[in-house]
Amino acid sequence: MARPKASNKVLEVLNNIYTGEIGAVGIYMDQHIKAADAGYKQFADMLKKDAVEEMKHAEHLAERILYLGVDVRYDKHEVPKMPETDPIDFFKTDIMLETVAIKRLNDGINICFKEKDNGSRLLLETILQEEETHLDVYETMLENITKYGDAYIVQHLM
Ligand SMILES: [Fe+2]
Ligand SMILES: [Fe+2]
């Protein structure tokens, strides 16, 4: 069966999102290790789980790019400068990262639709739903830290 013809616009989208995912893996792993070192065990476990989810996103994107018949392009991802171990700063960084990722995915979905590559569109939609869940969890936790302070941190992050 013939594979869909790869559109350059779609390949650009898939490669850009792939790069973003690899960046997110690095950032969440870095945060996971710092959080564990500072004694935030539950927070560290969550960040590790999320890093693995971002890795799976990258994996599925790379598989799709190869399926479309081209090699994956790797661009260095800009890593934001982060304060060391403050959970509040981690959450702010992660909310920003997920917000950027969600915008990139929504724009990419529109391009895939216009280019009639619905296989790629469906993959991006699946990833989008998971990023929305990440964002929702981070926003809720940050709100709760603001509301309940140290008691919340001790009970839910340590
Ligand atoms: Fe992701
Ligand atoms: Fe995410």
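Only the coordinates and a few stated rules stand behind these numbers; no lab work does. The model shown is predicted, which means the values in this text are computed figures rather than measured ones. Reconstructed Cβ throughout: ideal geometry from the backbone, glycine too, with neighbour counts over all protein chains shown.
When each of Lys92, Lys147, Lys81, Lys114 is scored by the number of other beta-carbon atoms lying within 10 Å, the sequence from fewest to most is Lys81, Lys147, Lys114, Lys92. Of all lysines in the structure, those lying under 16 Å Cα to Cα from Lys34, and not within fewer than 8 positions of it along the same chain, are Lys48, Lys49, Lys81, Lys92. Dividing the summed -39500 (n - 2.57) terms of all DSSP H runs of n ≥ 4 by the residue count of the chain sets its mean residue ellipticity at 222 nm at -27500 deg cm²/dmol. Here the chain is assigned +1 on the Cβ of each Lys and Arg and -1 on the Cβ of each Asp and Glu. Its dipole about the Cα centre then comes out at about 600 debye. At an R0 of 22 angstrom, the distance between the Cβ atoms of Asn118 and Leu66 translates into a FRET efficiency of 0.75. Can you bin segment 81-158 into rounded, prolate or oblate? Criterion: square roots of the alpha carbon gyration tensor eigenvalues sorted a ≥ b ≥ c, rounded for a/c under 1.5, prolate for a/b above b/c, oblate for the rest. Prolate shape, in that a/c is at least 1.5 and a/b is the bigger ratio. The angle separating the long axis of helix 118-148 from the principal Cα axis of greatest extent in the chain is about 10 degrees. Specify the inter-centroid distance of segment 100-158 and segment 1-42, based on alpha-carbon positions, in whole Å. Result: 13 Å between the Cα centres.
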